[in-house]
Amino acid sequence: MSINSAMLAGVSGLIANSSALAAISDNISNVNTVGYKRSQGDFMSMVNTQGRASTYSAGGVTSQTRQFISQQGLPTRTSSPTDLAISGNGFFVVTSKPEGLTAADARSFTRAGSFSQDSLGYLRNDAGLYLQGWPVDSQGNINTDPSDLTRLSSINVSQVGGAAEPTTRLDLSANLQSSQALSAQLGTYNVATNSMAMYDATLGTGVRPDFSMQVPVSDSKGGKRTIEIDFLKSATPNQWYAEIRAVPASDVVTGTGLANGQLATGIIAFTQDGRLDPTNTTLFADANNPAITLGDSAAAAPGAGAANWGASLGIAGQTLNFGLAASAGGLTQFDSSSVVQAVTTNGTTFGNLTNISIDEQGYVTAAFDNGITRRIAQVAVATFPNADGLRGINGNAYRVSQESGTYSLKAAGSGGAGLLSPSTLEASTVDLSSEFTGLITTQRAYSASSKIITTADQMLQELLSIVR
């Protein structure tokens, strides 16, 4: 039996070293595979139960292949903004199809972040697996869930249309000359019947403003509108008549008390040191928070002193907040030329998609040529209690197993999940020098195991020759 056990031990050595050779072969062939995790054959002895006085019986050896999935490869910079690497713990969540996902469709996990757009604009890596993330809802919010994979969807970066943002704030920096001579038409000025909004030099109507400034405004569709502010110096010191109007007047519909595109009329007052005086300013309902609200195009007829956007424009209403009393600049009355120093608005006209970027927290952001940036989704990162226990599948990806434990979905950089590194790929963890060394030792061990078999065979032949 001892000779037979020796031969079987040699066979087990051949099998174990063949398995180790297969692991080394996989490692060497995947030395340039993005995010690949090296495998290693671990050997374990097998011992037969034997009494102290009995003849020794060989047990042999067995091997088990282990993948070092939690080991991180070196980051390598690339030129693609959609190449991603995870710096720390975690895996990308991926699927084999981009659309029509149900709870029954398998989700996989990978560190291979070589993502690029497919023909439909979905982010897909070189293995054909689609990147999953939490989409942005209609309110611009991202609702994460640590345990529900069905909340994730395939990230698409080409279905982002143009974008526009309506103007909500206008910061004005301008000076009205305090020594401005009173207009010859001042005595005829009447905000209702002979206003600055009616002024037309050709027709000889209305009152010519002493100073005017135009401010660009973006509407809800990204269209460009113009608001003009006209000033006429009053006979009362430190006070100016002011009118805010839309240009052209047809852009708005006004209620009683407003005409010719007027949006607001009243007095702009200044203190003796040339600063805005909210106490005596009547141009706005609240001079400390100057604002004008325009109703939407489909709204009912505006009431007295109110205005809507024109019905033909088909745009949403908006509130324009005026910054007139900034600590630096603002609206002043000094004895220097009337001039506009700066006009700053926060609205933007319609813009087209120019770039897609992904930051460390996994936010996928679209940039437009009008300066707007808009979040599309957030990449989900999955972590496991024992990442080395994941079950490998084709495409350098993994599935959940009993040894790995269940997944936990997290935003990058939170709850132990690593940060994302954009324009970076994780290199294979294979070290060629170690693999070639292991290849030599495995080859020698295989040869030695085969020698055991041939030696045992010779001994059996000697035993059989005794019968002769």
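Just checking, does the range 190-198 include any residue being in a loop (DSSP other than H, G, I, E, B), closer than 28 Å to Ala342 by Cβ, more than 54 Å from the chain's Cα centre (by Cα) and not hydroxyl-bearing (Ser, Thr, Tyr)?
no
With respect to Leu172, determine if the residue is closer than 30 Å to Gly323 by Cβ and touching a Leu at 6+ places or on another chain (Cβ under 7 Å).
Working: closer than 30 Å to Gly323 by Cβ: yes; touching a Leu at 6+ places or on another chain (Cβ under 7 Å): yes.
So Leu172 passes the test.
Any residue that is open to solvent by 60 Å² or more (accessible area, probe 1.4 Å) and free of Cβ contacts under 8 Å to residues at least 24 places away in the same chain - is there at least one of those in the range 82-90?
Checked the range 82-90: no residue is open to solvent by 60 Å² or more (accessible area, probe 1.4 Å) and free of Cβ contacts under 8 Å to residues at least 24 places away in the same chain.
Go through the range 381-412 residue by residue and tally those that are of a type in the set (S, T, N, Q), in a loop (DSSP other than H, G, I, E, B) and at negative phi.
Selection size over the range 381-412: 6.
Select the strands (runs of 3 or more DSSP E) contained entirely in the range 272-345, then report the ones holding at least 1 residues which are farther than 23 Å from Asp219 by Cα.
339-345
Can you name the number of the only condition in (1) in contact (Cβ under 8 Å) with a residue 12 or more places away in the chain; (2) open to solvent by less than 70 Å² (accessible area, probe 1.4 Å) that Arg391 fails?
Unmet condition: (2).
Can you tell me how many residues within the range 355-366 are closer than 28 Å to Leu320 by Cβ and either over 10 Å from the mean Cα position of the chain (by Cα) or of a type outside the set (A, V, I, L, M, F, W, C) (or both)?
Counting residues in the range 355-366 that are closer than 28 Å to Leu320 by Cβ and either over 10 Å from the mean Cα position of the chain (by Cα) or of a type outside the set (A, V, I, L, M, F, W, C) (or both) gives 1.
Just give me the residues in the range 134-154 being farther than 17 Å from Thr365 by Cα, open to solvent by less than 80 Å² (accessible area, probe 1.4 Å) and not in a loop (DSSP other than H, G, I, E, B), in sequence order.
Passing the criteria: Leu149, Thr150.
Please go through the range 332-371 and pick out each residue that is among the hydroxyl-bearing types (Ser, Thr, Tyr) and either in contact with an Asp or Glu (Cβ under 6 Å, 6 or more places away or on another chain) or over 18 Å from Leu123 (Cβ atoms) (or both). Before you say what the answer is, go through the steps one by one.
Of the range 332-371, the ones among the hydroxyl-bearing types (Ser, Thr, Tyr) are 332, 336-338, 344-345, 348-349, 354, 357, 363, 365.
Across the range 332-371, the qualifying residues are Thr332, Ser336, Ser337, Ser338, Thr344, Thr345, Thr348, Thr349, Thr354.
With the requirement that a residue be in contact with a Pro (Cβ under 8 Å, 6 or more places away or on another chain), surrounded by 15 or more Cβ atoms within 10 Å (Cβ to Cβ) and under 16 Å from Leu172 (Cα atoms), what does the range 282-298 give you?
Leu283, Phe284, Ala287 - these are the residues of the range 282-298 that are in contact with a Pro (Cβ under 8 Å, 6 or more places away or on another chain), surrounded by 15 or more Cβ atoms within 10 Å (Cβ to Cβ) and under 16 Å from Leu172 (Cα atoms).
Looking at (1) in contact with a helix residue (DSSP H, G or I) (Cβ under 7 Å, 6 or more places away or on another chain); (2) in contact (Cβ under 8 Å) with a residue 24 or more places away in the chain; (3) of a type outside the set (Lys, Arg); (4) open to solvent by 10 Å² or more (accessible area, probe 1.4 Å), which is the one condition that is false for Thr265?
Failed condition: (1).
Across the range 218-248, what is the number of residues that are of a type in the set (Gly, Ala, Ser), within 23 Å of Thr168 (Cβ to Cβ) and out of contact with any strand residue (DSSP E or B) (no Cβ under 6 Å at 6 or more places or on another chain)?
Looking only at that region, the number is 2.
Restricting the range 346-358 to residues that are of a type in the set (Gly, Ala, Ser) and part of a strand (DSSP E or B), which is most open to solvent (accessible area, probe 1.4 Å)?
My answer is Ser357.
Which residue is nearest to Gly310 (Cα to Cα), if the candidates are limited to the range 202-236 and must be part of a loop (DSSP other than H, G, I, E, B) and modelled with pLDDT of 95 or more? Can you show your working first?
Residues of the range 202-236 part of a loop (DSSP other than H, G, I, E, B): 202-204, 206-210, 219-223, 234-236.
When the remaining residues are screened for being modelled with pLDDT of 95 or more, the result is 206-210, 234-236.
Values: Gly206: 23, Val207: 25, Arg208: 26, Pro209: 25, Asp210: 28, Ser234: 32, Ala235: 35, Thr236: 36 Å.
So, considering only residues that are part of a loop (DSSP other than H, G, I, E, B) and modelled with pLDDT of 95 or more, the one nearest to Gly310 (Cα to Cα) is Gly206.
Is one or more of the residues making up the range 232-252 without any contact (Cβ under 8 Å) to a residue 24 or more places away in the chain, farther than 17 Å from Phe270 by Cα, open to solvent by 40 Å² or more (accessible area, probe 1.4 Å) and not β-branched (Val, Ile, Thr)?
yes
Can you find even one residue in the range 111-133 that is in a helix (DSSP H, G or I) and open to solvent by 10 Å² or more (accessible area, probe 1.4 Å)?
no
Yes/no matrix, rows are residues, columns are (1) more than 27 Å from the chain's Cα centre (by Cα); (2) farther than 22 Å from Arg38 by Cα; (3) open to solvent by less than 30 Å² (accessible area, probe 1.4 Å); (4) of a type outside the set (Asp, Glu):
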position	(1), (2), (3), (4)
Arg399	no, no, no, yes
Leu425	no, no, yes, yes
Asp431	yes, no, no, no
Asp457	yes, yes, no, no
Gln461	yes, yes, no, yes
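Do we find a residue being over 25 Å from Gly415 (Cα atoms), out of contact with any Ser or Thr (no Cβ under 9 Å at 6 or more places or on another chain) and in contact (Cβ under 8 Å) with a residue 40 or more places away in the chain anywhere in the range 28-48? Walk me through it before giving the result.
Taking the range 28-48 as the starting set, the residues that turn out to be over 25 Å from Gly415 (Cα atoms) are 28-34, 38-48.
From the residues that got through so far, the ones that are out of contact with any Ser or Thr (no Cβ under 9 Å at 6 or more places or on another chain) too are 28-29, 47.
From what is left, the residues that are in contact (Cβ under 8 Å) with a residue 40 or more places away in the chain are 28.
The answer is yes; a qualifying residue exists.
Among the residues of the range 359-373, is any closer than 30 Å to Gly257 by Cα and surrounded by fewer than 17 Cβ atoms within 10 Å (Cβ to Cβ)? Give the derivation first.
The first filter runs over the range 359-373 and keeps only residues closer than 30 Å to Gly257 by Cα, leaving none.
Among the residues of the range 359-373, not one is closer than 30 Å to Gly257 by Cα and surrounded by fewer than 17 Cβ atoms within 10 Å (Cβ to Cβ), which makes the answer no.
The values are calculated or read from the model by the stated rules, or taken from the named source; none is laboratory data. Keep in mind that this is a model prediction, so the values were computed, not measured. In this analysis, Cβ positions are derived from the backbone assuming ideal geometry, glycine residues included, and neighbour counts consider all displayed protein chains. Ligands, DNA and RNA are excluded from the accessible area calculation, which covers all protein heavy atoms including side chains. Shrake-Rupley method; radii C 1.70, N 1.55, O 1.52, S 1.80 Å.
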